[in-house]
Amino acid sequence: MADAWEHLSGSGYNNVIRDCLELRIRHKLCDWAYLLMLQTLSDTYFGANTNESALLCAYLYCQSGYQMRLGLGNNRLYLLVASKHQIYESGYWEIDGMFYYPFNCQEESLEICGASFPNEQPLSLLVNESPLFAERLTDLRILQSENYPNVKAKVSSDENLISFFATYPTSMLGDNFCTRWSFYANTPMSENVKKQLYPSLRSHIQGKSQYEAVNVLLNFVQTAFVYEYDDKVWGGDRSFFAEESLYYPYCDCEDRSILFSRLVRDLVGLKVLLVYYPGHLATAVHFTEPLTGDYILLDNQKYIVCDPTYIGAPVGATMPDMDNGKAKVILLE
C-alpha cells in the first residue's frame, strides 16, 4: 500500500487531480457528488470493489483536500470519510474527535491508518447549488391547483439528478434532529425546473399581496400532489429534495413543507421556518405586511403558520391537535 501510494504521488497523476477538480467546478459538484465521481472514475480504471479502486479513490479524494483515512479488513481496503454532519444509518469510527464513516464498507472491525494531511477538510453534505449533469428528461407532468384552477404548470424532471438525490445520505448537524430537513429545504431548484415551473407560478401571483400570493402557492402544494405515507411507498421514512416531489407520484408532509418553503423563498422572497410537531412537519412564513392568524414567535418576529398538508386550509391555520407553543423550528436560508 505504501509503495502504491508513493507511485500515485508521482508527477504522472498530477493532471488527473487537476482534471477532477476542474470537473468539480465545471459541473458545480457538491462534496457528495464529487466523491461519487471519484468512485466511478476509480471503478472504471480498476473494477468495482477492488483494493486498487479503493486506493485510487482515497488518493484522489485526499489530494483534493478532503479528510479521510484508510482501513483494512479481511484483506480489503476501504475509504473512511470524515464528515461535518452526523450520517444516519451508518456506523462510524471516532478518531481524534472526528467521526469517520465507511464508504461502501460493511465491516465491523478495521485496522485504520491514522496518517493525516495538511489542511484536510471534512465532507460537507450541503448542496449550495444544483449540480450540472447531462440531462435525461422525463415526460411532462401536469400540476394544477384545485382552488385556483388557472394555476397550472407542466414540468419535466431530470432523471439523472433524481438518481443522484436518491443516493444522498440522511444526516443532521450536531444533535438537532430538525436540521435533517434543512439540508433538503436549502437545496436550490435546478435551472431546468425553474424555467418550466416558476414563470407560470409567478404570473399567477404577480401584483397580489403577500397573503394572496402565499395562499396561491399554499393551495398549489396542498392540492396538486397526492399524499401518501413513506412507510407505504418506501418501507420507511424518506425525505425529498424539493425537485423530487415534482417527479415522484406521492409525497408526505415533510416533502410538501420542503417544496413549499422553496417556492415561497424563491417567488415571494419571504423568510420561512420549518415547524416540527411530533409526527408532523409544516412551515411558518414571516410576512412584512400586517397579517393575523396562528403564528410562532422567533427573535420577536411573527412567523404565520402555513401547512401544506392541511388540505384547503389558508395561511394562518394550524392543523388540529398541533401545539405551536411546543413545536420545534428551524430557520431556513
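The values are calculated or read from the model by the stated rules, or taken from the named source; none is laboratory data. Source: prediction; values computed, not measured. Every residue, glycine among them, receives a Cβ derived from its backbone with ideal geometry; neighbour counts consider all protein chains shown.
General remarks:
- The listed residue being within 14 Å of LEU259 (Cβ to Cβ), surrounded by 13 or more Cβ atoms within 10 Å (Cβ to Cβ), out of contact with any Asp or Glu (no Cβ under 8 Å at 6 or more places or on another chain) and of a type outside the set (S, T, N, Q), out of PHE183, PHE220, PHE240: PHE220
- 2 or more residues closer than 30 Å to LEU72 by Cα and over 22 Å from the mean Cα position of the chain (by Cα): qualifying strands (runs of 3 or more DSSP E) within the range 104-220: 111-113
- All of (1) charged (D, E, K, R); (2) over 20 Å from LEU331 (Cα atoms); (3) in contact with a Leu (Cβ under 9 Å, 6 or more places away or on another chain) hold for GLU146 with one exception: (3).
- Strands (runs of 3 or more DSSP E) within the range 240-312 that include 2 or more residues within 22 Å of the chain's Cα centre (by Cα) and in the same structural domain as ALA327 (by TED's automatic domain parsing): 271-277, 280-286
- Applying a threshold of 7 Å to beta carbon distances and a minimum spacing of six or more residues, or different chains, the list of pairs starting in the range 183-211 at a residue that is closer than 14 Å to TYR148 by Cα and ending at one that is outside any helix (DSSP H, G or I) and of a type in the set (Phe, Trp, Tyr) reads HIS204/TYR148.
- Index of the failed condition, ILE95 passing every other in (1) in contact with a Lys or Arg (Cβ under 7 Å, 6 or more places away or on another chain); (2) among the aliphatic types (A, V, I, L, M); (3) touching a residue at least 40 places away in the same chain (Cβ under 8 Å): (3)
Conditions (1) farther than 18 Å from GLU212 by Cβ; (2) of a type in the set (Asp, Glu); (3) touching a Pro at 6+ places or on another chain (Cβ under 7 Å); (4) in contact (Cβ under 8 Å) with a residue 24 or more places away in the chain, marked per residue:
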| residue | (1), (2), (3), (4) |
| --- | --- |
| ASN300 | yes, no, no, no |
| ASP307 | no, yes, no, yes |
| VAL315 | no, no, no, yes |
| LYS328 | yes, no, no, yes |
| LEU332 | yes, no, no, yes |
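- Within the range 104-151, tally of residues that are closer than 26 Å to SER53 by Cβ and of a type in the set (S, T, N, Q): 7
- Restricted to helices (runs of 4 or more DSSP H) entirely inside the range 1-97, those with at least 1 residues that are at pLDDT 95 or above and not assigned by TED's automatic domain parsing to the domain that holds SER163 are 14-26, 31-46, 51-63.
- Residue check for LEU246: of a type outside the set (Ser, Thr, Tyr), touching a Ser or Thr at 6+ places or on another chain (Cβ under 8 Å), in contact (Cβ under 8 Å) with a residue 60 or more places away in the chain and farther than 23 Å from ARG141 by Cα: no
- Some residue of the range 123-142 being on the phi > 0 side of the Ramachandran plot and not assigned by TED's automatic domain parsing to the domain that holds SER156: no
- Set ASP230, ASP237: member being free of Cβ contacts under 8 Å to residues at least 24 places away in the same chain and touching a Lys or Arg at 6+ places or on another chain (Cβ under 7 Å): ASP230
- Subset of the range 80-131 (residues that are closer than 24 Å to GLY47 by Cα and in contact with a Pro (Cβ under 7 Å, 6 or more places away or on another chain)): LEU80
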